[in-house]
1. Taking only pairs six or more apart or across chains, which ones have beta-carbon atoms under 6 Å, a first residue in the range 91-113 that is aromatic (Phe, Trp, Tyr), and a second residue that is in a helix (DSSP H, G or I) and surrounded by 12 or more Cβ atoms within 10 Å (Cβ to Cβ)?
2. Restricting to the range 60-114, and then to whatever is polar (S, T, N, Q) and surrounded by 12 or more Cβ atoms within 10 Å (Cβ to Cβ), can you tell me which residue is farthest from the chain's Cα centre (by Cα)?
3. For the range 69-114, which positions are at pLDDT 90 or above and farther than 12 Å from TYR45 by Cβ?
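The values are calculated or read from the model by the stated rules, or taken from the named source; none is laboratory data. All values derive from a computational prediction rather than experimental measurement. Counting neighbours? That spans all protein chains shown, and the Cβs are built from the backbone with ideal geometry, glycine included.
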Amino acid sequence: MEKIKELWENKGKIFTGIWNNFLKKEEIEKLYQERLSICKVCDTYTEEKEGCFSSTFQSVPCCDNRKGGCGCTLVLALKVPAKPCPKNYFPAIISEEDQKKLEEELYNQQFKKD
């Protein structure tokens, strides 16, 4: 139940990660590659599904929650500008407030037509 609560609380960031995964914008891809290079040498990096929150959706590699990581799927989490590393190896590059504005803007661009 705790896992579901945490996923729900982070639904905006999850949406942003999924959205950015499909957009393939140059700056998001650069952010992803920079962060991934840091993650690959971290002790929480894993390609085993057991340490990931989602074992069904593209769950590996992830930040192993059994080793103090967040359990996030890296291909999505690393593309969220407001998501810092749980071990403080890299910061969020925008605030939570700005992230919410970005999510709203992305949603409106995609689903609301004039």
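1. So the pair list comes out empty.
2. ASN65
3. Passing the criteria: PRO84, ASN88, PHE90, PRO91, ALA92.
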